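Inspection log for the structure reproduced underneath, given as structure tokens.
The values are calculated or read from the model by the stated rules, or taken from the named source; none is laboratory data. This structure is a prediction, so every number in the text was calculated from the model and none was measured. A quick note on method: Cβ atoms are made from the backbone with ideal geometry, for glycine too, and the neighbour counts reach across all protein chains shown. Keep in mind that these areas ignore ligands, DNA and RNA; they rest on the heavy atoms of the full protein, side chains included. Shrake-Rupley method; radii C 1.70, N 1.55, O 1.52, S 1.80 Å.
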Amino acid sequence: KNGSGVRKGVSTFMGDLLEQYRLKEKGEGSLLLRQQNVNDEWAHQIGKGIETGIGRLHTLDLACNHIGNAGVRDLSLGLAQSSTLTRLNLGANQIDRVGLDVLADSLLVNTTITELSLNSLKFGAYMKYVIPPPKSDAAGDPEIDLVGVAALDAAVDE
């Protein structure tokens, strides 16, 4: 941890990641952090950034990193607040059933994510779900479609 100034106490690499994220706030885009050694601490920072509404990010690729259940928990807090993110890739991380349960809870609240990739998790199966857009009831309130979450739950139980 050798960052300085605003980034004091933060690793230089994490500072670079945060800078990439900060630049995304100026326009819509993708944050592609595949194979960047992102761990739980960094997932926490990314989740905080999403939670505070920084940027108009539509794609977040965190595949092939070192994110575990703690990181997915912190990331899920941000995902629950996101109104722009449509694609999320968390494949090839260290997420197990506990982390997937937390992620599923955030997807019940988030209505914008339409594609979720979870390939090569601790279960070894390829999972990619396209989540249908929410329907509205007669009063205009969104009805939560649990098809993707139920399929994820069934796949994990197998």
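Got at least one residue in the range 41-54 being touching a strand residue (DSSP E or B) at 6+ places or on another chain (Cβ under 8 Å), at pLDDT below 95, surrounded by fewer than 16 Cβ atoms within 10 Å (Cβ to Cβ) and within 14 Å of S30 (Cβ to Cβ)?
In the first step, residues of the range 41-54 are kept if they are touching a strand residue (DSSP E or B) at 6+ places or on another chain (Cβ under 8 Å); the result is 46, 50.
Imposing the further condition that a residue be at pLDDT below 95 reduces the set to 46, 50.
From what is left, the residues that are surrounded by fewer than 16 Cβ atoms within 10 Å (Cβ to Cβ) are none.
Scanning the range 41-54 turns up no residue that is touching a strand residue (DSSP E or B) at 6+ places or on another chain (Cβ under 8 Å), at pLDDT below 95, surrounded by fewer than 16 Cβ atoms within 10 Å (Cβ to Cβ) and within 14 Å of S30 (Cβ to Cβ).
Checking S83 against (1) surrounded by fewer than 20 Cβ atoms within 10 Å (Cβ to Cβ); (2) touching a helix residue (DSSP H, G or I) at 6+ places or on another chain (Cβ under 8 Å), which test does it fail?
(2)
If you scan the range 71-126, which residues turn out to be in contact (Cβ under 8 Å) with a residue 40 or more places away in the chain and part of a loop (DSSP other than H, G, I, E, B)?
T84, N119
If you go through the range 62-80, how many residues are within 11 Å of the chain's Cα centre (by Cα) and open to solvent by 20 Å² or more (accessible area, probe 1.4 Å)? Before you say what the answer is, go through the steps one by one.
Taking the range 62-80 and keeping what is within 11 Å of the chain's Cα centre (by Cα), we get 62-63, 67, 71-80.
Okay, now just the ones that are also open to solvent by 20 Å² or more (accessible area, probe 1.4 Å), so 73-74, 77, 80.
Here the count works out to 4.
Failed condition for G15, given (1) at pLDDT 85 or above; (2) open to solvent by less than 70 Å² (accessible area, probe 1.4 Å); (3) of a type outside the set (D, E, K, R), with all others met?
All conditions pass for G15, except number (1).
From the residues in the range 110-143 that are more than 13 Å from the chain's Cα centre (by Cα) and among the aliphatic types (A, V, I, L, M), which one is modelled with the highest pLDDT? Quick ask: steps written out before the conclusion?
Narrowing the range 110-143 to residues more than 13 Å from the chain's Cα centre (by Cα): 111, 119-143.
Checking the rest, the ones that are also among the aliphatic types (A, V, I, L, M) come to 121, 125, 127, 130-131, 138-139.
On the way: L121: 78, A125: 48, M127: 52, V130: 53, I131: 56, A138: 62, A139: 60.
Looking at the filtered set, the residue picked out is L121.
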